[in-house]
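The values are calculated or read from the model by the stated rules, or taken from the named source; none is laboratory data. Quick caveat, the model's predicted, so the values are computed rather than measured. Virtual Cβ from ideal backbone geometry, glycine too; neighbours counted across all protein chains shown.
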Amino acid sequence: MQLNAANGVTVEVSDSVFGVDYNEPLVHQVVTAYLAGARAGTKAQKSRSAVRGGGSKPYRQKGTGRARAGTSRSPLWRTGGKTFAAQPRSYAQKVNRKMYRGAVRSILSELYRQGRVHVLDALTLDGPKTKALKAKLEELSLDEALIIVDEQDDNLWLAARNLPAVDVATAVSVDPVSLIGFGHLLVTTAALQRLEARFA
């Protein structure tokens, strides 16, 4: 398969990465699992056993005209514990490596079929200037894009930080949520080769 680069040169890409059928259920499962894994799960409340105090009976059993009570930490009391207290938990879902790689291949293939993958020989900036990066994107007629590079580039990352519809990722850190979150992918040639090696 071939991709058209920004300089007019065609780039050969692997059919095993950019030529597979779109598997929507698999993509949905992997994206859901990835988002679930990002949840902190640190919510915590105190049950009646965890609330301090309440060891003695608040008042005698009979003769007060009030409902009988054995502890002031009952969930019925204002100072009591929570009936079904939330506890810290993990929201992580198990995803096999084969499923994860298959979902990413499916996403890349669909982006390729829709003409939303663009290739550049290289993308470097002289300094962390948002204006310079915006000008380069306007040359390519892109108003939103996920830029995938081979190595971490601080100038590029800092320049993209003020553009709400632009983000930068490396080929080894790109994830399914990032891939489906932008209208276009702008990939350098070196990053493209590393993507193919990672997901082939």
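Structure notes:
- On the stretch given as segment 11-69, residues that are in contact with a helix residue (DSSP H, G or I) (Cβ under 8 Å, 6 or more places away or on another chain), of a type outside the set (Phe, Trp, Tyr) and part of a loop (DSSP other than H, G, I, E, B) total 6.
- Selection from segment 69-109 of residues that are hydrophobic (A, V, I, L, M, F, W, C) and within 19 Å of the chain's Cα centre (by Cα): Ala92, Val95, Met99, Ala103, Val104, Ile107, Leu108
- Of all residue pairs spaced 6 or more apart or on separate chains, those with beta-carbon atoms under 7 Å, a first member in segment 10-27 that is under 16 Å from Ala197 (Cα atoms) and a second member that is among the aromatic types (Phe, Trp, Tyr) and crowded, with 16+ Cβ neighbours inside 10 Å are Val17/Phe199; Phe18/Tyr112.
So that you can scan it fast, the table gives a plain yes or no per residue for (1) surrounded by 15 or more Cβ atoms within 10 Å (Cβ to Cβ); (2) more than 30 Å from Ser178 (Cα to Cα); (3) at pLDDT 95 or above; (4) within 23 Å of the chain's Cα centre (by Cα):
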position	(1), (2), (3), (4)
Asn4	no, no, no, no
Val9	no, no, no, no
Glu12	no, no, no, no
Gln29	yes, no, yes, yes
Thr32	no, no, yes, yes
Arg52	no, yes, no, no
Ala67	no, yes, no, no
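- Selection of segment 78-102 for residues being surrounded by fewer than 11 Cβ atoms within 10 Å (Cβ to Cβ) and among the aromatic types (Phe, Trp, Tyr) yields only Phe84.
- Unique match (being of a type in the set (Ser, Thr, Tyr), modelled with pLDDT of 95 or more and under 20 Å from Val31 (Cα atoms)) among Tyr91, Tyr112: Tyr91
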